[in-house]
Amino acid sequence: MTTNNRPRLDVVALGELLIDFTENGMSEQGNPLMEANPGGAPCNVLSMLTRFGKKVGFIGKVGNDGFGKMLAGAIAEQGIVTEGLCFDNDVHTTLALVLKLPNGDRDFAFYRKPGADMNLRAEEVNVDLIRSARLFHFGSLSLTDEPVRSATQKAIAVAEDAGLIITFDPNLREPLWDTLDQAKEQIAYGMRHAHVLKISDNEITWFTGKQDYEEGIRHLQETYPNLKLICLSMGPAGSRACYGNLRVEVPAFLQEKTIETTGAGDTFCACMLNMVLDKGLDGLTAEDLKDMLETANAAASIVTTRKGALRVMPQLSDVHVFLAERKKS
């Protein structure tokens, strides 16, 4: 904590920081050209939060290699505090190849057996950085393997002991798990320790076994009463916020200029976290949730028109202009 016991940071996130190789045109030989974009869901979230003026920090690990140094520079450039970033001398920075499928969805191929992000050890977790924040955020990629799983569990324990708000985005990537049963077990662990959950449509049906979203949400609320706020992203169908018995749904902002959806969920998640930081988790109204969902849907829509994520998060002025134009039409 800083002087006067005021938190130095708004958010600290732990997890993966990696290179997303995304398609960027074709070569003369007809081969896809791949661009090395800084990525990783937790840092995408933090990058968007800086657009709201929030002070943020990251805990994770990259390789002590060219890509790792590039990533360290990229997050610092976005205003993300790097005190919690470690470098691995033996394991390279994690890489992900993201290919766009004909239906517009994405196919991920990870080079992570192991990757440096998996090698963060519990003793390397910067506990003072966590204690200096108001909110701790994590996902499930840091729960796939040891030693980073133990590092994540330690960070959560520190956050709980310090009284932080804890937020969780499962961000399921099936190829990274030995089995989906293991994924379900670790994601359940994350849900037990979170106050706020961001979950996607495919994740909630898979995790709860309920095809109806409302049934799935009720199941989560009954099983994990610690979850005060659940936000469901439904792609082109929009998004839904669930707070106690309150339900608010907002349609998506679809546009023809969409290139890819990488980072859209992370942008949405950041907007959700920003509202929690500004409003807290007590006494939220339908208007609070509606405003948050509209901002989140708009920001996510803008990101789908840009290549990459971490470096191209929209400014608030972009979001305000976008919403104003949509409300006119």
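Which whole-number percent gives the relative contact order of the chain, counting Cα pairs below 8 Å spaced six or more residues apart?
About 16 percent, as a whole number.
How much of the DSSP bridge set in the chain is antiparallel, in percent, rounded to the nearest 5?
Numbers: 22 of 53 bridges.
Around 40 percent of the beta bridges assigned by DSSP in the chain are antiparallel ones.
May I ask you to give the average projected area over all directions of the convex hull of the Cα atoms of the stretch 14-324, in nm² rounded to one decimal?
If I average the Cα hull's projected area over directions, I get 15.7 nm².
Using the crude model of +1 on Lys and Arg Cβ and -1 on Asp and Glu Cβ, and no other charge, please compute the dipole size for the chain relative to its Cα centre, in debye to 20.
On the way: 34 positive and 44 negative charges, 162 e Å.
Dipole size: approximately 780 debye.
Could you calculate the contour length gain from Thr205 to Arg326, that is, 0.36 nm times the residue separation minus the distance between their Cα atoms, to one decimal place in nm?
Extending this stretch completely gives an extra 40.5 nm.
Among Gly263, Phe52, Asn245, pick out the residue whose Cα is farthest towards the positive end of the charge dipole of the chain, where Lys and Arg carry +1 and Asp and Glu carry -1 on C-beta, about the Cα centre.
The residue sitting most towards the positive pole is Phe52.
Between Ser317 and Glu146, with labels modelled 7 Å along Cα→Cβ, what's the label distance in nm to one decimal, could you check?
Computed distance between label sites Ser317 and Glu146 equals 5.2 nm.
In a shell of Cβ-Cβ distance under 15 Å around Glu287, excluding Glu287 itself, what net charge do Lys and Arg (+1) and Asp and Glu (-1) give?
Details: positive: Arg247, Lys279, Lys290; negative: Glu249, Asp278, Asp288, Asp291, Glu294.
Once positives and negatives cancel, what remains is -2.
A short reminder: the numbers here are calculations on the coordinates, not readings from a lab. Only a predicted model underlies this, so the values are computations on that prediction, with no experimental measurement involved. Please note: Cβ atoms are built from the backbone with ideal geometry, for glycine as well, and neighbour counts cover all protein chains shown.
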